[in-house]
Amino acid sequence: MRTQVCIIGAGPAGLLLGALLQQAGIDNVIVERQSADYVLGRIRAGILEQTTVDTLTQAGVGQGVQAHGHVHNHLELVFNGQRHSIELTQRTGGKVVTAYGQTEVTKDLMDHRAAAGATTLYEAKDVSLQGFDSAKPVVRFEHHGKAQQIDCDFIAGCDGFHGISRASVPPGSITEFHKEYPFGWLGVLADVPPVSPHAIVYGNSLRGFSLCSMRSLTRSRYYVQCPMSDTVADWSDERFWNELKLRLDADTASRIITGPSIEKSIAPLRSFVAEPMRFGRLFLAGDAAHIVPPTGAKGLNLAASDVKMLFEAFSEYYSSQSEAGINGYSQRALSRVWRVERFSWWLTSLMHRFPDTEGFGQKVQEAELSYLMSSEAAQTMLAENYVGLGG
Ligand code: FAS
Ligand code: PHB
């Protein structure tokens, strides 16, 4: 089989890149390790930056988020038992964020790709990448019991943190930056109305971090910080709802509508960046190249901004045989990656309970939060980063 761009991974990064390439008439094939149902079963992000919504619209896949997304123009912080609102839109020249789940984004992209008749090979086994240091890269894998090979011009590694793309790069050619956080997030999805349909609520309390989000007016997403030694079995629904309420202000807690969880999972928190993001004819995008703690709601959005830059580079190559875009991709993407890594690390450090900083750390966090609420400049910094920095 031959194609122009072979994309590894059918998560949001791979599917969005495929949609943009398809629309530009650039032939592409996606090779995905899991089944489509498995990919859709992963419950993850929930907040889209305006640039992500714009890129989905550019790719012809904006109908779902335009029709069913919930626009937010402020966010809320709870600390010292009080809830505070931070306005986003007026501080950023009109930008908003939109509550629309990654699952819905992925479904919209999958449906769009199927309708366009583009090739996505699910349940591909033993995927391997060769020759990306030459002009003739090759992707090999097993599909439906048969050995397959794809000859291509470029490989886009959109296969996430545990994928094969970054793992295929010779160790001497890549530098990795790691930071692990000493806790995880227990996430619950429930078919109950959200406590705050107009803003995401972030909570800092002596008991730990909490977050109140939504997927629709009838489906909510909540999180509490938990030790990484915990398992889902340690958290009954009742324990989760009680703990969430203890971490919020009394008014918000009193308005939480509880119900049975339809999904419950614990995610580790880490910061990670691989440099560079280009190795010959192999380009990394999304979680394959970087991970942010979900506190800033950036993982999916950073994947989308990588993909937009990578698409522009491929599009320039095929339309004008210029290599300027592909040669500049890694540096351009990493500049934005590190600014988002900083914001995600900063908000995580501000809002979570760190075992080693004890009472002093909590007091310093509360002092910073109280300064934040007293400073227009500090709130503008938060707003600019939360709605999404420029490309
Ligand atoms: P993905 O990991 O989504 O997709 C990679 C795809 O590649 C997968 O489908 C995988 O099956 C496939 N793949 C892997 N190895 C392969 C191989 N060898 N061959 C072929 N295919 C292969 N972000 C937020 O903004 N907010 C959140 O609350 C949030 N929660 C998260 C919770 C968890 C548990 C995780 C892991 C991430 C979370 N994220 C969150 C970040 C998440 O949304 C990612 O940023 C987003 O999925 C990135 O998309 P991709 O880069 O496409 O990677
Ligand atoms: C979510 O809705 O899943 C969500 C919202 C905001 C975050 C992280 C996750 O910062």
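The values are calculated or read from the model by the stated rules, or taken from the named source; none is laboratory data. What you see is a predicted model, and the numbers here were worked out from it, not measured in a lab. Because the Cβ atoms are built from the backbone with ideal geometry, glycine has one as well, and the counts that use them run over all protein chains shown. Please note that ligands, DNA and RNA were not included when accessible areas were found on the heavy atoms of the full protein model with its side chains. Shrake-Rupley method; radii C 1.70, N 1.55, O 1.52, S 1.80 Å.
Both the radius of gyration and Dmax for region 223-282 are 18.0, 56 Å, in that order, over alpha-carbon atoms. The long axis of helix 299-320 is offset from the longest Cα principal axis of the chain by roughly 30 degrees. Along the Cα-to-Cβ line of Thr218, 7 Å from the Cα, sits a label point; which residues in region 178-209 have backbone N less than 13 Å from it? Only 191-194 fall inside the zone, counting backbone N under 13 Å.
Any idea what the relative contact order of region 223-360 is, in percent, if you count C-alpha pairs under 8 Å spaced at least 6 apart? Walk me through the intermediate numbers first.
On the way: 116 pairs, mean separation 27.6, N = 138.
Over region 223-360, the number comes to 20 percent.
Both numbers refer to the Cα atoms of region 246-391; Rg and Dmax are 19.6, 61 Å.
Cα axis of helix 102-116 to longest principal axis of the chain: angle in degrees, 0 to 90, nearest 10? So the helix axis and the longest Cα principal axis differ by about 30 degrees. Remark on Val97: its backbone amide H falls under 5 Å from those of His72, a criterion applied only to residues 5 or more positions apart or on other chains, H modelled at 1.01 Å from N. Taking all protein chains as present, what is the carbon and sulfur share of the accessible area of the chain, in % to the nearest whole number, probe 1.4 Å? Its accessible area is 53 percent carbon and sulfur atoms. Probing with 1.4 Å while keeping every protein chain in the model, the per residue accessible area of region 1-93 equals 39 Å².
The value of relative contact order for the chain, using C-alpha pairs under 8 Å at least six residues apart, is 20 percent.
Ligands, DNA and RNA are left out, and with a 1.4 angstrom probe the accessible area of region 242-391 is 39 Å² per residue. Can you compute the FRET efficiency between Ser265 and Glu323 using 1/(1 + (r/R0)^6), with r the Cβ-Cβ distance and R0 = 30 Å? Round to the nearest 0.05. Computed FRET efficiency for Ser265 and Glu323: 0.10.
Could you tell me what fraction of 2.2 N^0.38 Å the Cα radius of gyration of the chain comes to, as a two-decimal ratio? Don't jump to the answer; show the numbers that get you there.
Details: Rg = 21.2 Å, N = 391, 2.2 N^0.38 = 21.3 Å.
This ratio for the chain stands at 1.00.
Only lysines eight or more places from Lys308 in sequence, or on another chain, were considered; those with a Cα closer than 25 Å are Lys95, Lys107, Lys136, Lys298. Remark: relative contact order (region 7-122) = 37 percent; criterion is Cα-Cα distance under 8 angstrom and separation of 6 or more residues.
What is the magnitude of the charge dipole of region 196-280 about its Cα centre, with +1 placed on the Cβ of each Lys and Arg, -1 on the Cβ of each Asp and Glu, and no other charges, expressed in debye to the nearest 20?
Values: 11 positive and 9 negative charges, 49 e Å.
Dipole magnitude for region 196-280 comes out near 240 debye.
Helix 376-387 and the long axis of the chain differ in direction by around 40°, with both axes built from C-alpha atoms. Residues in region 106-218 average 44 Å² of solvent-accessible surface per residue, probe 1.4 Å, ligands and nucleic acids excluded.
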